[in-house]
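Okay, so here's the structure we're looking at.
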Amino acid sequence: MSKVLDGITVIEQGTFITGPAAAMLLADLGANVIKVEQPGTGDPFRAFKGGLYSPHYQTYNRNKRSIELDAKNPEDARVFDELIREADVYIQNFRPGAAERLGAGEARLRAINPRLVYCAISGFGQTGPAAGRPAYDTVAQAASGFLNLLVNPEHPRVVGLVCPLKSGPP
């Protein structure tokens, strides 16, 4: 495969699927993707059956490097700022307002690096009455009406992956 994004650096602070999947596609095309994770816990998708990496985590985080940074630690914040200074793209999939609380809001990062492409992914947009709502695949399917096409009305239950954060059988 042609590495058309060779020389492009992406800083990703994504969890679960949307942010990591977007950055994964860029990594597949040759971008240098650095995934920034919280110390100790990292991306919640890491957790799977007794601490093994989940297949989902491995899929959506292939071709990336990872670093643990605590936004509340001044030294880690300096490292993050240096990564942003040299980056071409920043990707996050937090609920609106969360990036600002972590020191990764668009205005702050663009002040550090005016040429930065800032990508904020959220389930219901950055503004509006539902902007603060969390969103996962099932929520989006239900909100759009698509879930109605997938669920048997005689036995209504969501069909899909078992949440990796639960322990034991579904």
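The values are calculated or read from the model by the stated rules, or taken from the named source; none is laboratory data. Just so it is clear, the model here is predicted, and its values are computed rather than measured. All Cβ positions, even for glycine, are placed from backbone atoms using ideal geometry, and neighbour counts span all protein chains on display. Surface areas here come from the heavy atoms of the whole protein model, side chains and all, with no ligands, DNA or RNA. Shrake-Rupley method; radii C 1.70, N 1.55, O 1.52, S 1.80 Å.
Per-structure values
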| item | result |
| --- | --- |
| Subset of region 147-158 [assigned to a loop (DSSP other than H, G, I, E, B) and exposed (fewer than 11 other Cβ atoms within 10 Å of the Cβ)] | 152, 153, 154, 155, 156, 157 |
| Options 82, 68, 86; residue that is more than 19 Å from residue 117 (Cα to Cα), at pLDDT 90 or above and open to solvent by 50 Å² or more (accessible area, probe 1.4 Å) | 68 |
| Residues within region 100-111 that are more than 15 Å from the chain's Cα centre (by Cα) and open to solvent by 40 Å² or more (accessible area, probe 1.4 Å), tallied | 7 |
| Odd one out for residue 81 among (1) in contact (Cβ under 8 Å) with a residue 60 or more places away in the chain; (2) not in a loop (DSSP other than H, G, I, E, B) | (1) |
| Subset of region 53-65 (residues that are polar (S, T, N, Q) and surrounded by fewer than 16 Cβ atoms within 10 Å (Cβ to Cβ)) | 58, 59, 63 |
| Residue 76 vs. criteria in a loop (DSSP other than H, G, I, E, B), acidic (Asp, Glu) and modelled with pLDDT of 95 or more | no |
| Residue count, region 19-52 (criterion: open to solvent by 60 Å² or more (accessible area, probe 1.4 Å) and either in a strand (DSSP E or B) or within 23 Å of residue 113 (Cβ to Cβ) (or both)) | 3 |
| Flag for residue 91 being buried (at least 16 other Cβ atoms within 10 Å of the Cβ), under 14 Å from the mean Cα position of the chain (by Cα) and hydrophobic (A, V, I, L, M, F, W, C) | yes |
| Residues being of a type in the set (Val, Ile, Thr) and over 25 Å from the mean Cα position of the chain (by Cα) - total across region 135-153 | 1 |
| So residue 43, is it among the acidic types (Asp, Glu), modelled with pLDDT under 95 and out of contact with any Lys or Arg (no Cβ under 7 Å at 6 or more places or on another chain) | yes |
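Here's the yes/no breakdown for (1) without any contact (Cβ under 8 Å) to a residue 40 or more places away in the chain; (2) of a type outside the set (D, E, K, R); (3) touching a strand residue (DSSP E or B) at 6+ places or on another chain (Cβ under 8 Å):
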site: 3; (1), (2), (3): yes, no, no
site: 12; (1), (2), (3): no, no, yes
site: 24; (1), (2), (3): no, yes, yes
site: 28; (1), (2), (3): yes, no, no
site: 35; (1), (2), (3): yes, no, yes
site: 85; (1), (2), (3): yes, no, no
site: 93; (1), (2), (3): no, yes, yes
site: 101; (1), (2), (3): yes, no, no
site: 114; (1), (2), (3): yes, yes, no
